[in-house]
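As structure tokens, the structure follows; a few thoughts come after it.
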Amino acid sequence: MTGITFAPMVPVPLILLLVVAAIGLIGYGVWRRARGVLLRMLPILAMLIAISDPELMRENRTPLQDVAVVVVDESASQKLGERSERTVKVLERLRENLNGADDLEVRVVRAGRSETGGQDGTRLFSALTAAMSDVPSQRLAGAILITDGQVHDTLTPEQAAQIQAPYLKAPLHVLLTGEKNEYDRRVRVERAPDFGLVDKPAMVVLKVEDTAVPKGTPISVIIGRNGGDVQSLTLPAGEATEVPLPIENAGANVFEVEVAAGVNELSEANNRTLITINGVRDRLRVLLVSGQPHVGERAWRNLLKSDPNVDLVHFTILRPLNKDDGTPLNELALITFPIRELFEEKLNDFDLLIFDRYSQRGLVPFQFMANVADYVRNGGAVMLAVGTEYSDSFSLFGGPLQSILPAEPTGRVYAGAFRPHLSAVGRRHPVTAELAGALASDAEDGEPNWGRWLRQIQVRPSEGEPVMTGREDEPLLILDRVGEGRVALLLSDTVWLWGKGFDGGGPQVELLRRVAHWLMKEPELEEEYLSAEVRGGALVITRRSLTEDVVPVTVTSPSGQEQTVIPEDVGTGKFTAQIPIEAPGLYQLTDGTNTTVAAIGSPNPLETYDVVATADRVTPLVQAADGGVYWLEGGTAPAVRRVAPDRIAHGSSWLGLRANEQFVVSGVTQTPLAPIALILLLVMAGAMLAWWQEGK
């Protein structure tokens, strides 16, 4: 390129002033008709040119390549039908057409592969934006997406506004690998609660979508619970329907919803989905009956009152019925102890009964205690925290509760300090194995880091598991199952010393809480228990058992393939193993005795839920960027042309990439237009000619 530049020797205003003065003098000479006035213009003009110092400038330009970005969708939905084959063919054709252009750089970006199993969907525009981040908008020739149209980072107007900005100055084209008339059936969870009440149905909203049948057409759906019970129902196509799901256990309730496959549908991977609802109990009701008042009575009350999920009913028997000390009637309590209401009418409403140092002194008749024994056999729970009263003639063991209690008192009471520790079973039992300080039981002296207690009741155990022992290895805490219910027997009334920090204290609150929740059948405190969870990209299997036997666990993946793993004993009654996650979905695990399921992600993630090829998601952006949408069905692919920046960039059978013709200046050559010799010659020639003209 050639141009003229000026480098004035004096300020520009001064040059303008000299020009005005020169024009004025010459004009005056012309008005007076002076001889040689026009010849005098020659030296004046030469001097003005010399002061302005004009130069001829030539730029050395190096052309820059335009940049075209091709984004290839490699998501799971691209593997359906002929989409993969069409993608390969059109990509090869684009490379042949574009790589031959010297003024064009082609960047091929592969996107859509998900490390989360497709939970986040296909995000092509994020990959496109990253590929163009270092390209100036003046050099961008355009972008081409090879996809089925299921792109999930343009779903909202806010996302679209953020994504459009970088490349609206260049055309955006989309090549669709699917077919216009595709058929698919799928099921979606519109709404589901995270929690539900045990023994009550949880309402979820399901929607079955079918692109080939009219709205409202009945479609068969199967719902399985925890890999077992199955219920069948029909749902109307295209309509959200509320369905009750039974919550039968505390903890995870996993439901697998599967819709019957259609004829020749595009994919069956989105015909099922998972729903996980955590079962919780509706405020556990606990009846605490305290007998003889003692210092540790408040320990149970404080524990149960501090739990917001527990409704506590507490009675303290300050005066037995057989006591006759002449106290006037007007000084006695006016409220009668509600024996019949508690132990007959409302007994089954309680989840747990606790007798704290209670003795059978005629307050609760034997027939009502028989109701308590039946209550336990039918699934209830009873806890006895006993003191010296358990060894006397009024002991609860001598009544109807004898048939459910795991140990008979010998009549002997140990008085004196002793340190509780765990039995062999207790070191593996979930109630006691992981108590704070319990690991010290493995020390050489066998003593844990716990404070001492001061009294223990000697018994002859007949049933149950003694998980804690005291003096002379006598049972201190016994847990037992009776029929469908459970019983716990704590053979000391000095556990409260731990809470007071006596001799270093101990985990009083945690021990009592664990015992109470084991009695109320908390799943995580079961002795024989199998569970699985996702951790670090792997399925971690945990098996709990009171025995040290190594038992293999069979894992069935969502595809139906079985795999056997051998969990390793890690102590405290736990066996663990881990396997890589094959795919999201429902995994079934069994060790021969226990069976459980684990819901990993969703078997129907966003990326594979809707797999029908569509132009709806990308059309608004394509139109805003002056591009085109092309279907590749039938083996046709658009031709590629280079177009000027101000021309239309798409047609029915071709797509355009802009030729921006950008360059970088690598050097500048400057040539003076007013050399000194020439200026002097003009000045002298003009002066001499003017003098000659005036001398005539």
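Below are the figures for this structure:
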{"read-out": "Potential lengthening between Ser84 and Glu242 on full extension [0.36 nm per residue; Cα-Cα distance subtracted]", "value": "53.0 nm"}
{"read-out": "Eligible aspartates and glutamates near Lys200 by straight Cα distance, threshold 18 Å, same-chain separation 8 or greater", "value": "Asp229, Glu242, Glu248, Asp282, Asp349, Asp351, Glu522"}
{"read-out": "Approximate spin-label separation Glu633-His314, in nm, with each point projected 7 Å along Cα-to-Cβ", "value": "7.3"}
{"read-out": "Sequence ranges 679-691, 80-92, ranked by mean other-Cβ count within 10 angstrom, highest first", "value": "80-92, 679-691"}
{"read-out": "Cα centre as origin, Lys/Arg/Asp/Glu Cβ charges: the chain dipole, Debye", "value": "3600"}
{"read-out": "Three-way shape label, the chain, alpha-carbon gyration tensor, a/c 1.5", "value": "prolate"}
{"read-out": "Cα gyration tensor category, rounded, prolate or oblate, for region 18-140 with a/c compared to 1.5", "value": "prolate"}
{"read-out": "Fraction of accessible area attributable to carbon and sulfur, region 385-482 (%, probe 1.4 Å)", "value": "45"}
{"read-out": "Per-peptide average of other Cβ atoms within 10 Å, ordering 285-292, 367-374, 215-222 highest first", "value": "285-292, 367-374, 215-222"}
{"read-out": "Gain upon complete extension [Ile579, Glu463; 0.36 nm per residue less C-alpha separation]", "value": "37.9 nm"}
{"read-out": "Length-normalised contact order of the chain in % [C-alpha pairs under 8 Å, at least 6 apart]", "value": "18"}
{"read-out": "Accessible-area composition of region 219-290, carbon plus sulfur, in percent [1.4 Å probe]", "value": "46"}
{"read-out": "In region 592-669, trypsin sites (Lys or Arg not before Pro) in a DSSP loop with at most 16 other beta-carbon atoms within 10 Å", "value": "Arg647"}
{"read-out": "C-alpha long axis of helix 83-98 to longest principal axis of the chain, angle in °", "value": "20"}
{"read-out": "Rounded FRET efficiency, nearest 0.05, which uses the C-beta distance separating Glu105 from Ala7 and R0 of 56 Å", "value": "0.90"}
{"read-out": "Segment Ala538-Val263, extension gain: residue separation times 0.36 nm, minus the distance between their alpha carbons", "value": "95.4 nm"}
{"read-out": "Lys/Arg +1, Asp/Glu -1 at C-beta; region 551-625 dipole; positive extreme among Ser557, Phe575, Thr608", "value": "Thr608"}
{"read-out": "Two-site label geometry, Asp473 and Thr572: point separation in nm, points 7 Å out along Cα→Cβ", "value": "2.5"}
{"read-out": "Whole-Hz ³J(HN,Hα) from phi, Karplus 6.51 cos²θ - 1.76 cosθ + 1.60, for region 294-303, glycine and proline x", "value": "8, 4, x, 4, 6, 4, 5, 4, 4, 4"}
{"read-out": "Calculated FRET efficiency for the pair Thr595/Glu92, C-beta based, R₀ 56 Å, to 0.05", "value": "0.65"}
{"read-out": "Shape category assigned to region 557-646 from the gyration tensor of Cα positions, a/c cut at 1.5", "value": "prolate"}
{"read-out": "Positive-end residue, the chain charge dipole about Cα centroid, Cβ charges, pick of Trp518, Tyr529, Thr619", "value": "Thr619"}
{"read-out": "Residue-normalised accessible area of the chain, expressed per residue, 1.4 Å probe, Å²", "value": "50"}
{"read-out": "Selected from Asn271, Pro293, Leu304, residue furthest toward positive end of dipole (region 262-309; charges at beta carbon)", "value": "Pro293"}
{"read-out": "Relative packing of 563-569, 382-388, which averages over residues the other C-beta atoms within 10 Å, highest first", "value": "382-388, 563-569"}
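The values are calculated or read from the model by the stated rules, or taken from the named source; none is laboratory data. From a predicted model like this one, the values you see are computed outputs, not experimental measurements. Using ideal geometry, Cβ is built from the backbone for each residue, glycine included, and neighbour counts are taken over all protein chains shown. Remember, those area values only see protein heavy atoms, side chains included, never the ligands or the DNA or RNA. Shrake-Rupley method; radii C 1.70, N 1.55, O 1.52, S 1.80 Å.
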